[in-house]
1. So what's the angle, to the nearest 10 degrees on a 0 to 90 scale, between helix 67-82 and the longest Cα principal axis of the chain?
2. If you add up the charges near A43, with Lys and Arg at +1 and Asp and Glu at -1, over every other residue whose beta carbon is less than 12 angstrom from its beta carbon, what do you get?
3. First select every other residue whose beta carbon is under 14 angstrom from the beta carbon of A73; then total the charges, Lys and Arg +1, Asp and Glu -1.
4. Quick check on packing: order 5-14, 65-74, 44-53, 22-31 by the mean number of other C-beta atoms within 10 Å, highest mean leading.
5. Multiply the residue separation of M72 and A2 by 0.36 nm, subtract the distance between their alpha-carbon atoms, and state the gained length in nm to one decimal.
6. Return one whole number: the accessible area per residue of the chain in Å², for a 1.4 Å probe.
7. Where in the stretch 6-38 does the amide nitrogen come within less than 13 Å of the point 7 Å from the Cα of K79, taken along Cα to Cβ?
8. In the chain, what percent of the accessible surface is made up of carbon and sulfur (1.4 Å probe, ligands and nucleic acids excluded)?
Amino acid sequence: MASGERVPDLQSTIDELAAAPCGQGYGRFVLGHMAYAAGAWPAAQRYLEAFVRRTEGSRATLALALEAELKMARATLSKMSAN
């Protein structure tokens with residue numbers, strides 16, 4: 001997706017990750033960007049906002065370790081709100 005290639009059956013992959021336990025933490029970051037790429041902006045917004053809230057509300061070391069992901073999530077949320 002990041003290289004611009006089309007991913008077949010992306011929604012199925014999103015649904016599977018959303019149902020998996022690993023989709024609840026860092027998975028929300030991944031889900032948010034997958035949903036964004038799929039054009040499912042309301043879902044992308046929910047996932048990315050949940051990731052940001054959870055990460056910022058966690059231990060300071062976790063937020064520091066995920067600083068780049070937080071920045072990327074906020075940038076994607078900003079792009080969506082600008083459109």
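1. Value to nearest ten degrees: 60.
2. Values: positive: R28, R46; negative: D15, E49.
So the environment of A43 carries a net charge of 0.
3. Values: positive: R28, R46, R53, R54, K71, R74, K79; negative: E49, E56, E67, E69.
Spelling it out: positives minus negatives among the neighbours equals +3.
4. Details: 5-14: 11.6, 65-74: 15.2, 44-53: 19.6, 22-31: 17.4.
Peptide ranking by packing, descending: 44-53, 22-31, 65-74, 5-14.
5. On the way: separation 70, 0.36 × 70 = 25.20 nm, distance 1.28 nm.
Using 0.36 nm per residue and subtracting the Cα-Cα distance, I get 23.9 nm.
6. Numbers: 5330 Å² over 83 residues.
Heavy-atom accessible area per residue stands at 64 Å².
7. 32-38
8. Details: 3000 of 5330 Å².
Here carbon and sulfur together make up 56 percent of the probe-accessible area.
The values are calculated or read from the model by the stated rules, or taken from the named source; none is laboratory data. Everything quoted here is computed from the prediction, not taken from an experiment. Positions of Cβ are backbone-derived with ideal geometry, glycine not excepted, and every protein chain shown enters the neighbour counts. When the accessible area is computed, the model is the full protein with side chains, heavy atoms only, and any ligands, DNA or RNA have been set aside. Shrake-Rupley method; radii C 1.70, N 1.55, O 1.52, S 1.80 Å.
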